[in-house]
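Colleague: One structure coming up, written as structure tokens, with questions to follow.
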Amino acid sequence: MIDLYDVTIIGGGPAGLYTAFYSGMRALKTKLIEARNDLGGVVTHFYPEKTIYDLGGIPGIKGEALIDQLQTQAETFQPKIIKNQAIADMERRADGTFKLISTNGDLHYTRRIILAVGSGTFEVNRLQLEEAREYEGTSLFYAVRRIQQFSGKNVVISGGGNGALDWAAELAPLCKRVTVVYRGERFTHALEHNLERMNQYGVQVNYASEVTGLSGENGQLRNVTVRDAGDHLQQIKADALIVNHGFQCGLGALEQWGMALETETNGILVDQRMETSIKGIFAIGNAASYPQKLYLIAAGFVEGPIAVNSVKHDLDPDAPSQAMVSTHHHFFTEMI
Ligand SMILES: Cc1cc2nc3c(=O)[nH]c(=O)nc-3n(C[C@H](O)[C@H](O)[C@H](O)COP(=O)(O)OP(=O)(O)OC[C@H]3O[C@@H](n4cnc5c(N)ncnc54)[C@H](O)[C@@H]3O)c2cc1C
């Protein structure tokens, strides 16, 4: 016997998490499936320690704290949350419901699908050195999760994009020394305030250079070898190396589902109900595309409920068009 859900949300970023909560407000049997082993999407991966200032009513909150709160909120109505499973294929069944197939072969059955997949699954571009694996996770990092762990250390940052310079500016005041190694001759899109801060704290920049070797012992980096445009090699003392060489992302197998996509952004085109060109499949958050789309966390907090209300209406045309506001919602009033 299959376990059929009313709605399955694919993607556990901020949009997916909030939507799981709202779906509970509508008493829908809800499942959320996330490809990574942690929830929070790009917030968790790229900026857990950065402060977000543009959420209504919250003057400032660290990315990680926001995700913790979203997760707690998402769990209010006890949806089924599955991590470490990327959904790849979808089949429409004879009765109009869907079968979802994850890359590990697990099957999920659902009446409706809400895609909250952002730009799809993402993989950082790793440092292309054989010895890199030995240091990854101990002294070679692809993201800064805990700024304090670099306190008092010699840190080398490889990369020259905004992300790399952001970290350089942020780490400089608390590190012993920060060196940026960048292949370009100059920074082309650097934010003024990052450059000012890097100057202020004496960040060393090696332009037209790249990291060509690592040395250390037991996973602990000691030195980074850097080669410049003239093929000169230099050893830089390093307790940690942070690599910011961008990342690969994409809808992957989801593109084969046949939903209409926006040509420039590859976003999934949706109508006012947040429904895609395939009936019964909705898209929200950064994945969704429509005129005047805002790529903000707050946008997903509106698009998710619109999609959920559309699902509710499809499954129960007599239900109210939206959930009772939380101040009057029986679930919360009965708690008082
Ligand atoms: C550096 C940076 C700073 C930012 N700062 C701000 C800010 O200050 N304020 C603001 O409002 N916004 C900010 N943003 C934008 C904000 O992070 C995004 O708008 C938001 O994360 C979008 O949420 P989402 O849930 O739609 O997508 P995402 O956060 O991208 O989450 C999508 C999730 O779906 C999962 N997924 C993808 N494909 C599959 C699949 N096939 N199966 C299962 N799971 C899948 C992914 O693993 C991911 O966890 C910033 C973005 C960046 C990169």
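Colleague: Are there DSSP H segments in the chain that both extend 20 Å or more along their axis (alpha-carbon positions) and score a mean Kyte-Doolittle hydropathy of at least 0.0? List them, or say none.
Modeller: 297-315
Colleague: Take every DSSP beta bridge whose two residues both sit in the range 126-245, then give the antiparallel share in percent to the nearest 5.
Modeller: 45 percent
Colleague: Pairs on different chains or at least eight residues apart, Cα atoms closer than 17 Å: how many lysine pairs in the chain fit?
Modeller: Count of close lysine pairs: 14.
Colleague: In terms of modelled amide H atoms, which long-range or inter-chain residues lie less than 5 Å from the amide H of residue 278?
Modeller: The list, which skips near neighbours in sequence, is 260.
Colleague: Could you tell me what percent of the DSSP beta bridges with both partners in the chain are antiparallel, to the nearest 5?
Modeller: Here the share of antiparallel DSSP bridges comes out near 50 percent.
Colleague: Then there is this: Please compute the alpha carbon radius of gyration of the range 126-245, then divide it by the globular-protein estimate 2.2 N^0.38 Å. Two decimals is fine.
Modeller: Compared with the compact-globule rule of thumb, the range 126-245 sits at 0.97.
Colleague: With a 1.4 Å probe and every protein chain left in place, work out the accessible area per residue of the chain in Å², rounded to a whole number.
Modeller: Dividing the accessible area of the chain by its residue count gives 50 Å².
Colleague: Around residue 101, with a cut-off of 13 angstrom between Cβ atoms, what is the net charge of the other residues, counting Lys and Arg +1 and Asp and Glu -1?
Modeller: Combined, the nearby Lys, Arg, Asp and Glu give 0.
Colleague: If you build the convex hull over the alpha carbons only and average its shadow over all orientations, what do you get for the range 1-116? Give it in nm² to one decimal.
Modeller: 7.7 nm²
Colleague: Give me the percent of the accessible area of the range 29-86 that comes from carbon and sulfur atoms, probe 1.4 Å, all protein chains in place.
Modeller: For the range 29-86, the apolar C and S fraction of the accessible surface comes to 47 percent.
Colleague: Right, something else. Please list the three semi-axes, largest first and in whole Å, of the ellipsoid equivalent to the chain, using sqrt of 5 times the eigenvalues of its alpha carbon gyration tensor.
Modeller: Gyration-tensor ellipsoid for the chain: 43, 21, 18 Å.
Colleague: Something else about it: For the range 126-245, what % of the accessible area comes from carbon and sulfur atoms, probe 1.4 Å?
Modeller: Roughly 42 percent of what the probe reaches on the range 126-245 is carbon or sulfur.
Colleague: DSSP loop GluC sites (Glu not before Pro) in the range 177-278 with at most 11 other Cβ atoms within 10 Å of their Cβ, which ones?
Modeller: 185, 264
Colleague: Using per-residue counts of other Cβ atoms within 10 Å, averaged over each peptide, order 84-95, 16-27 from highest down.
Modeller: The most tightly packed comes first, giving 16-27, 84-95.
Colleague: Another question, then. Arranged from highest to lowest average of other beta-carbon atoms within 10 Å per residue, in what order do the peptides 171-178, 124-131, 238-245, 4-11 appear?
Modeller: 4-11, 238-245, 171-178, 124-131
Colleague: Take each of the peptides 47-53, 277-283, average the number of other beta-carbon atoms within 10 Å over its residues, and list them starting from the highest.
Modeller: 277-283, 47-53
Colleague: Against the 2.2 N^0.38 Å scaling, with N counting residues, where does the range 224-336 land? I'd like the Cα-based Rg ratio to two decimal places.
Modeller: After normalising by residue count via 2.2 N^0.38 Å, the value is 1.75.
The values are calculated or read from the model by the stated rules, or taken from the named source; none is laboratory data. Keep in mind it's a predicted model, so treat the numbers as computed, not measured. All Cβ positions, even for glycine, are placed from backbone atoms using ideal geometry, and neighbour counts span all protein chains on display. For the accessible areas, the whole protein counts, side chains as well, though only heavy atoms, and no ligand, DNA or RNA atoms are used. Shrake-Rupley method; radii C 1.70, N 1.55, O 1.52, S 1.80 Å.
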